[in-house]
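No value in this document is a laboratory result; all are computed from the given coordinates. Just so you know, these numbers come straight off a predicted model, no measurement behind them. Cβ placement follows ideal geometry from the backbone for every residue including glycine, while neighbour counts extend to all protein chains displayed.
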Amino acid sequence: MSVDHFNGVERVLAGCSFRDWKLHVSKSEDRVYLFASWVGQDNFKPGHVEQQVSRRWLIRPEASASEIVQTAFACVMTAMEHEVREQFLYHDRAVFGPHHNIDALWNISAHMERT
């Protein structure tokens, strides 16, 4: 990971904004990532407000400014979808929740038949 790559991603993200969210750059070994954070309601603890953090998105060293901005947009959109999945309820349950165990989903999909 070069310092130029990290700083370049930081410069591009400085021009991006969404609500009161913050866009961050992080590094791990030789990789650079972006992610978002915001203060919001914990969807599983009513009345509890805390810092929320999105997943990390890898930024390739050769990524253009357009790709970085589009990745930041995808980061925000995915985080918003995550929140919607947690908050949309059917009979008081988040049936489309993002935290369902993949093996449990596989088990309940057994009723679907391939045609």
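Per-structure values
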{"read-out": "Relative packing of peptides 71-78, 102-109 - highest average C-beta neighbours within 10 Å first", "value": "71-78, 102-109"}
{"read-out": "Angle in degrees between helix 65-87 and the longest Cα principal axis of the chain, rounded to the nearest 10", "value": "30 degrees"}
{"read-out": "Full-stretch length increase - I108, R11 - with 0.36 nm per residue and alpha-carbon distance subtracted", "value": "30.3 nm"}
{"read-out": "Value of Rg/Rh across the chain [Cα atoms, Kirkwood radius]", "value": "1.08"}
{"read-out": "Degrees, to the nearest 10: 3-13 long Cα axis against longest axis of the chain", "value": "60 degrees"}
{"read-out": "Relative contact order [Cα under 8 Å, 6+ residues apart], the chain, whole percent", "value": "18 percent"}
{"read-out": "Using a Förster distance of 25 Å, the FRET efficiency for F44-V69 (Cβ separation, nearest 0.05)", "value": "0.20"}
{"read-out": "Lys, Arg +1 and Asp, Glu -1 on Cβ, resulting dipole of the stretch 3-86 about Cα centre, debye, nearest 20", "value": "40 debye"}
